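So the structure is just underneath, and the comments pick up after that.
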Amino acid sequence: AKPSVYVTREIGPEATTLLKNFCDVTIWAQSEPVSRADLLSNVQGKDALFCLLTEKIDKEVLNKAGPQLKVIATMSVGFDHLDLNEIKRRKIKVGYTPDVLTSATAELTVALLLATSRRILEANEEARNGGWKAWSPFWLCGPSLNGATVGIVGFGRIGQEVASRLKPFGIKKLIYTSQTLKKNELDAQHVSLDELLSTSDFVIATCALTPETKEMFNDDTFKKMKSSAVFINTSRGGVVNQDALIRALKNKTIWAAGLDVTTPEPLPLDSDLFKLKNCVILPHIGSASIETRNEMAVLAARNIISALKGENMPSELLT
Ligand code: GLV
Ligand code: GLV
């Protein structure tokens with residue numbers, strides 16, 4: 001018999017066909033995420049699991065799946081939704097999708113930064129609702145990237161691509177913090193977090209969510225930033241203490257924030273963040289270019305097929 005795989009959402013024809021050529025495929029074919037109960041019942045007895053960042057893969061899911069589960073492939077670069085300790089203990093292989101989403105996510109980060117600093121959404125709203133009375137010297141002004149110091153927290157693949165895309169905007173100085181990378185080819189300077197926070201005009205979070213980065217943006221760290229600072233987060237909502245961010249935006253401790261990720265997701269409509277004009281909120285679309293989403297699905301499918309064949313996976317998450 002063919003190996004079996006459970007896929008937690010529609011993943012497009014190319015990835016689906018790849019999987020079907022090699023596996024018995026069961027798909028959660030609805031537009032909403034699979035419910036916990038359906039996930040638990042559908043994962044039983046499967047050889048492979050194709051999941052998204054909307055599914056929490058923990059001990060309970062792994063226990064339900066049973067001992068024949070050999071591989072989990074997530075269609076994401078982030079893996080904070082996976083309990084890696086439990087997965088590793090069971091010797092289950094893990095695939096993820098780095099690289100193929102780097103440029104799309106870097107593009108979106110730049111778009112969000114400019115939308116936030118130059119108040120694009122607020123301006124569009126004013127143009128439509130009658131707020132546009134006349135050209136006006138200081139109306140809808142925001143800080144420029146030209147001459148700015150940009151600080152990137154987490155200088156991995158995505159952080160470095162953000163940096164190289166921002167350089168042509170005439171930034172004065174590029175600084176970063178990183179657990180691992182002390183040198184780079186971008187003429188960026190490795191600094192302490194305190195120095196980054198206190199000197200950056202733009203603070204951009206592109207780090208992974210780990211126990212070390214959880215809520216690293218909090219009352220303390222927002223207070224260290226310039227009151228003119230723009231904060232951009234395209235990593236995970238969990239790196240921010242959101243109540244502290246709301247306070248910082250309300251009290252003008254910082255100037256503005258642009259968020260592609262929040263806690264929780266989706267962000268409830270009654271969240272105070274939606275009431276703040278100096279906050280731009282996107283529904284987690286960092287990697288959402290047409291080409292990229294398909295490449296992510298195909299890479300996750302290939303990760304599964306290779307693992308089931310006992311071959312090296314194109315993108316194995318080694319932990
Ligand atoms: C998106 O957030 C991803 O982790 O791929
Ligand atoms: C993930 O954050 C990456 O840098 O690819």
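Where a number appears in this text, it was derived from the coordinates with a stated rule and is not lab data. Owing to the predicted nature of the structure, the values given are computational and were not obtained by experimental measurement. Here the Cβ is made from the backbone with ideal geometry for all residues, glycine too, and neighbour counts use every protein chain on show.
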Using a Gaussian network model on the chain with a 10 Å cutoff between Cα atoms, which of PHE79, PHE217, PHE22 fluctuates the most?
PHE22
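Please arrange ARG293, ARG89 by counting, for each residue, the other beta carbons lying within 10 Å of its beta carbon, fewest first. List each step's numbers first, then the result.
Numbers: ARG293 20, ARG89 11.
Final ranking by Cβ density, sparse to dense: ARG89, ARG293.
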Which values of log₁₀ I(q)/I(0), to two decimal places, follow from the Debye formula for the chain at q = 0.13 Å⁻¹ with a uniform point scatterer at every Cα?
-0.97
³J(HN,Hα) computed for each position of region 195-212 - Karplus, 6.51 cos²θ - 1.76 cosθ + 1.60, integer Hz, glycine/proline x:
5, 4, 5, 7, 10, 7, 7, 10, 10, 10, 9, 10, 7, 6, 7, 9, x, 6
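Summing Lys, Arg as +1 and Asp, Glu as -1, what charge do residues with Cβ under 12 Å from the Cβ of ILE254 carry, ILE254 excluded?
Values: positive: LYS223, LYS224, LYS226, ARG247, LYS250, LYS252; negative: ASP201, ASP219.
The answer is +4.
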Full-stretch length increase - PHE169, GLN30 - with 0.36 nm per residue and alpha-carbon distance subtracted
45.8 nm
Whose amide H sits under 5 Å from the amide H of VAL77, counting only residues 5 or more places off or on another chain, with H placed in the peptide plane?
THR97
Skipping prolines and chain starts, which residues have an amide H placed within reach, meaning under 5 Å, of the one on SER4, given they are 5 or more residues away or on another chain?
ASP24, ASP47, ALA48
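Sort 43-53, 281-291, 179-189 by packing, meaning the average of other beta carbons within 10 Å per residue, with the highest value first.
Numbers: 43-53: 22.1, 281-291: 16.6, 179-189: 12.3.
Final packing ranking: 43-53, 281-291, 179-189.
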GLU291 versus PHE274: modelled label distance in nm, points set 7 Å from Cα along the beta carbon direction
3.5 nm
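Tell me what the chain gives for mean residue ellipticity at 222 nm when only DSSP H runs of n ≥ 4 count, each as -39,500 (n - 2.57), the sum divided by the residue total, rounded to 500 deg cm²/dmol.
On the way: 11 runs with 108 residues, N = 319.
After summing the helix terms and dividing by the residues of the chain, the value is -10000 deg cm²/dmol.
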Go ahead and set up a Gaussian network model of the chain, Cα springs under 10 Å, then flag whichever of PHE169, PHE138, PHE231 fluctuates most.
PHE138
For ARG90 and ASP220, calculate 0.36 nm times their separation in residues minus their Cα-Cα distance, and state this gained length in nm to one decimal.
42.9 nm
Whole-Å semi-axes of the ellipsoid equivalent to region 76-129 (Cα gyration tensor, √5λ, descending)
40, 13, 7
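Computed over the Cα atoms of region 1-63, what is the convex hull's projected area averaged over all directions, in nm²? It would help to have the intermediate numbers written out before the result.
Values: hull surface 16.9 nm².
That works out to 4.2 nm².
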Alpha carbon convex hull of region 238-313, projected area averaged over orientations, nm²:
7.1 nm²
At ASN146 and ASP38, where each label point lies 7 Å from the Cα along Cα→Cβ, what is the point-to-point distance in nanometres?
5.2 nm
Size of charge dipole - region 102-281 - debye, nearest 20, with Cβ of Lys, Arg +1 and Asp, Glu -1, no other charges:
460 debye
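Quick one: of the DSSP bridges fully inside the chain, what percent are antiparallel, nearest 5?
Values: 1 of 39 bridges.
Taking every DSSP beta bridge within the chain, about 5 percent pair in antiparallel fashion.
Among SER76, SER31, SER4, SER41, rank each residue by its count of other Cβ atoms within 10 Å, from fewest to most, as a rough exposure measure.
On the way: SER76 21, SER31 6, SER4 17, SER41 11.
So the ranking, lowest neighbour count to highest, is SER31, SER41, SER4, SER76.
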Can you pull a Stokes-Einstein diffusion coefficient for region 102-281 at 20 °C (1.002 mPa s), Rh from Kirkwood over Cα pairs, as a whole number of µm²/s?
130 µm²/s
Hydropathy first: keep DSSP H helices in the chain averaging at least -0.5 on Kyte-Doolittle, then drop any whose Cα extent along the axis falls short of 20 Å, and list what survives.
102-117, 290-309
Give the distance, in whole Å, between the Cα centre of region 249-282 and the Cα centre of region 88-154.
13 Å
